[in-house]
Structure formats: C-alpha cells, structure tokens
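Since every read-out is calculated from the coordinates, none of them should be taken as a lab result. Quick caveat: nothing in here was measured; it's all calculated off a predicted structure. Cβ atoms come from the backbone with ideal geometry, glycine included; neighbour counts cover every protein chain shown.
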Amino acid sequence: RTSVTSRYEMRYRSTTGQEEAALAAATAREADAALYPLQDTTLGSLTMYVVPETSSLLPQGINVYVGKHRSALVRAVGSLAALQARLREVTQLMSFTASAVAAALSDRVPNGQLGPDARRNLKSSLGYEITFSLLNPDPKSHTVDWDIEGAVNRYVKPVLDKLSLVANFSVDSQILYYAVLGVTPRYDKESSSFLLSAHSLPHVINPVEARLGSSAASLYPVLNFLLYVPERSHSPLYIQDKDGAPVSTNAFHSPRWGGIMVYNVEAPASPQASLPLHVDVDMARVMEVFLAQLRLLFGLSREEVPPEFLLEGPGNEGLADWELDHLLWAHTVENIATVSTTLTSLAQLLDKIGNIVIKDDVASEVYRAVASVQRAVTKLSLGHLHAAFQASKEAVTSSERAFFDPSLLHLLYFPDDQKFAIYIPLFLPMAVPILLSLAKIVRETRLRKKEPTKMD
C-alpha cells in the first residue's frame with residue numbers, strides 16, 4: 001500500500017495575557033518572534049492564532065502569515081465554516097501533503113502517479129557527506145581564492161545543526177586544477193559570450209564526477225556542490241534554460257547528486273595585465289545558491305500558495321521549524337517503507353533456499369526491526385513525531401544488518417540439483433575403478449565357492 005491517512009487533533013483555546021501582549025506588536029514578524037517562547041515546541045505541533053478581521057498585524061490583502069517556527073497568524077474573515085476550512089488548509093501546508101508522501105514513496109509508486117520533481121529528493125539515509133569543490137581549469141590564467149572554511153561556518157553550519165535531527169553530516173572541500181566540464185560551450189556573437197544550453201547540461205556531470213573521487217569510499221550519499229571558474233578562452237560563460245533565456249543564478253542542480261555554479265571572472269582592464277589574475281570569490285553569493293540547491297535536494301522547495309498567504313523566509317538557519325517537521329514526516333514514512341521492502345526481500349530469499357542457516361544474531365536483528373517498525377507506526381499514529389522517527393531509524397539499521405549479514409549470502413547455499421551437477425563430475429571418474437574392482441572381487445568370490453575342495 002502506498003497511501004497514508006492523515007488525522008489532525010485540533011484544540012481551541014483563548015489567548016493568554018502574554019500572547020495578547022505579543023500580538024500587539026507592530027508587525028507579524030515581531031509578533032512571531034515574541035510568540036515563539038510561549039509556544040509548544042513539540043515536533044509536529046502547530047499553533048495558529050486567529051486575529052480579528054480589523055487587525056493591522058497582517059498586511060493589506062494578506063489573511064494568513066506563516067512564521068519561521070511552528071505558528072501561523074490567521075485573519076478571521078467570513079463565517080466560522082470558512083475559517084475552519086482555512087485552518088485546515090494552513091495545517092496541511094505546514095505539516096505534509098499528498099505530494100510530499102508520494103515523493104517519500106517515489107520508488108514504490110508508479111510513474112504515472114508522480115509529479116515531474118517527485119524523484120528529485122534525496123533518499124532517506126542515516127548520514128550524508130557534503131563536498132564543496134572548486135574547479136579551476138586554467139590555473140595559468142586564474143589564481144582563485146575562496147574562504148570555504150569561513151563560509152561553511154557562517155552559512156552551512158546553522159543549516160546542518162538544524163538538520164542534525166534528520167541525519168549525521170560531514171563536510172569537506174577540495175580544489176581541482178585542470179578540471180574541465182567536458183562540454184564545449186557555444187559562442188554567441190551578439191553578447192560576446194559563451195553559452196551552455198539546457199540539453200547539454202546532463203553531459204557535464206560524468207566528466208566532472210570522474211575527477212571528484214568522493215563517492216568511491218563513502219558509506220553514505222554524497223552531495224556535490226561545484227564552483228566552476230571558466231577558463232580564459234571560454235569566458236564569460238552563461239547557462240541557458242530550456243527557453244533559451246539566461247539563468248539568473250548561472251547555476252543548475254542534478255537530482256540526488258548536487259549542483260554546479262559557474263563563476264565568471266571579470267576581464268582585466270588592460271590586455272597587458274600580468275597573469276595569473278587573482279580572484280577572490282564572493283562566498284555570500286555562492287552559498288546563497290548552494291543552500292537553495294540543498295533545500296531542493298531535501299524536498300524543501302516552497303510550494304505554490306494562495307496569494308493571501310505570506311510565508312516568512314527561513315533566515316540564516318536555512319529552514320523553518322515546520323519545514324523540519326515536514327522533513328521528519330517524509331523520512332519516517334520512507335524509512336518504514338524501506339524496512340518493509342528489506343524484510344520482504346529477506347523472507348523471499350529464505351523461502352527460495354530451504355537449507356539456509358539463520359544465526360541467532362540475524363534472527364534477533366529481524367525481530368528488532370519488526371518491533372521497531374511497529375513502534376514507529378504506533379508513535380506516528382499518535383503524533384509523536386520524534387519518537388516515531390527514531391524508531392524508524394533503528395528499524396532501518398536492524399533490517400540492513402540482517403539483510404547484509406555475510407552468513408546469508410545465497411552463493412553459500414545450493415539447491416539439490418546444483419549439488420548433483422557439481423559433485424557428479426568430481427566423483428564419477430573416481431567411482432568407475434572402485435566399482436570395477438568391487439565387481440572383480442565379487443566374481444572371484446563366487447568362483448572360489450564353486451571350486452570343489454580336495455579331500456585326502
């Protein structure tokens with residue numbers, strides 16, 4: 001089954017004195033910041049404040065404000081039934097939708113039932129490795145300096161600290177010289193620049209990936225973020241979309257792989273400028289693009305909302321609290337489906353091989369995986385999101401240990417027909433002289449019994 005039933009437990013109450021004081025702020029952003037310490041911070045919970053229709057807290061034409069945390073401000077417009085419908089709409093937006101569940105189960109849902117970007121999201125994993133690479137194909141012309149350590153601490157670390165509930169992350173960086181894209185860009189006379197069209201972008205990944213070498217020894221999925229400084233003979237270099245228009249970020253991303261950004265260097269004022277040119281990379285502009293691509297890879301792209309909705313940006317943390325809950329829901333559902341598939345495959349393997357030996361530690365891992373996934377489903381139905389996610393991670397770990405146990409290799413066990421096919425060619429040449437010798441002994445014994453004994 002690939003359907004998930006959602007149920008919301010809604011409770012109504014009047015605001016407290018402290019909340020009334022917070023709602024008296026000048027702007028919705030200030031009210032959201034003041035209300036945050038007063039809210040229930042349980043994962044998966046939402047707090048929606050219904051403000052009067054005449055309230056100046058929300059801008060003109062805006063009826064719903066979704067903050068950075070787990071709260072929303074809703075203007076009381078229309079009848080009570082209309083207000084309840086709007087509250088349900090806000091709840092679905094801030095928790096999870098049918099498309100989010102379909103994306104989590106993308107490997108188990110037929111293609112016709114999925115949207116175009118359903119398989120763009122990363123698969124759930126216990127850990128991820130993020131690699132930032134600077135590609136300098138022309139070091140004779142450009143000396144590129146990038147403060148990647150400072151940029152990671154300033155821009156990436158707050159995002160990964162918040163995502164630490166989802167998985168473990170490791171970050172590394174490298175500089176690759178003489179690494180080219182593998183695709184020759186087209187020269188455009190009108191703009192005096194070089195262009196990479198959308199249909200040529202898929203051919204860029206493989207030549208570059210061969211130089212990265214980061215996924216060869218990795219236990220976890222690797223996210224590659226590449227900053228490419230074009231060589232002097234191909235500068236400036238711009239990326240075009242499918243319609244032929246230039247991409248504003250001059251970057252593109254590949255689903256479940258990472259992203260590449262082209263960083264053009266300004267030509268020197270005088271042709272006699274000494275080479276190589278020193279280039280200082282604007283890390284704020286680069287990291288803004290990479291973090292946007294990271295959100296896309298984790299399925300945190302902002303969905304289309306009605307014009308009366310106003311969504312607050314996540315700020316330096318990269319994602320809002322309710323988006324983190326959204327991610328935990330999706331990964332919990334995906335983990336449960338993964339455990340189900342793994343244990344089903346293991347059961348099918350055991351059914352095919354009747355003489356396979358199941359060790360006690362393998363059996364205990366299977367029992368532990370089943371118990372953990374049952375606990376995850378129970379906690380998920382009760383709305384205990386964090387406990388459900390932890391149980392689903394334990395179930396994935398136990399099921400993978402059982403499935404990949406070395407004693408369960410199917411090559412160690414053979415069906416009976418294969419045993420005869422293997423051993424008969426070995427024993428038949430040895431059995432022929434033995435059988436002939438036995439036959440000779442039997443004949444000699446019979447002849448000896450037939451000979452009359454001499455009597456003196």
Inset, instruction - Please work out whether region 177-292 counts as rounded, prolate or oblate from its C-alpha gyration tensor, where a ≥ b ≥ c are the square roots of the eigenvalues and a/c under 1.5 means rounded, while otherwise a/b larger than b/c means prolate and anything else oblate? - result: prolate
Inset, instruction - Mind giving me the FRET efficiency for Ile441 and Ser381? R0 is 60 Å, r the Cβ-Cβ distance, nearest 0.05 is fine. - result: 0.20
Legend entry - Label-point separation in nm, Asp361 to His278, each point 7 Å along Cα→Cβ: 5.8 nm
Inset, instruction - Report the convex hull volume per residue for the chain, counting only C-alpha atoms, in Å³. - result: 273 Å³
Inset, instruction - Would you pull out the residues with amide H under 5 Å of Val51's amide H, same chain only if 5 or more places away, H placed 1.01 Å from N? - result: Val74, Arg75, Ala76
Inset, instruction - Can you tell me the FRET efficiency between Phe404 and Arg285 if r is taken as the Cβ-Cβ distance and R0 is 30 Å, rounded to the nearest 0.05? - result: 0.10
Inset, instruction - Compute the Cα gyration tensor for region 136-175, then decide on rounded, prolate or oblate, letting a ≥ b ≥ c be the square roots of its eigenvalues: rounded whenever a/c is under 1.5, prolate when a/b is larger than b/c in the other cases, and oblate in all that remain. - result: prolate
Inset, instruction - Using only Cα atoms, locate the centre of region 280-316 and the centre of region 25-76, then give the distance between them in Å, rounded to an integer. - result: 21 Å
Legend entry - Sum of -39500 (n - 2.57) over DSSP H runs of 4+, divided by residues of the chain (222 nm, nearest 500): -13000 deg cm²/dmol
Inset, instruction - Classify region 324-410 as rounded, prolate or oblate, taking a ≥ b ≥ c as the square roots of the eigenvalues of its Cα gyration tensor: rounded when a/c is under 1.5, otherwise prolate if a/b is larger than b/c and oblate if not. - result: prolate
Inset, instruction - Could you order peptides 387-398, 178-189 by the average number of other Cβ atoms within 10 Å of their residues, highest first? - result: 387-398, 178-189
Inset, instruction - Could I have the simple spin-label model distance between Ser6 and Gln348, label points 7 Å from Cα toward Cβ, reported in nm to one decimal? - result: 3.1 nm
Inset, instruction - Apply the membrane-span-like helix rule to the chain: whole DSSP H runs, Cα extent along the own long axis of at least 15 Å, mean Kyte-Doolittle hydropathy at least -0.5. List the helices found. - result: 80-94, 202-212, 283-297, 321-352, 360-382, 385-403, 416-450
Inset, instruction - State to the nearest 20 debye the size of the charge dipole of region 127-298 about its Cα centre, where the only charges are +1 on K and R beta carbons and -1 on D and E beta carbons. - result: 300 debye
Inset, instruction - Output the relative contact order of the chain, whole-number percent, from Cα pairs under 8 angstrom with separation of 6+ residues. - result: 16 percent
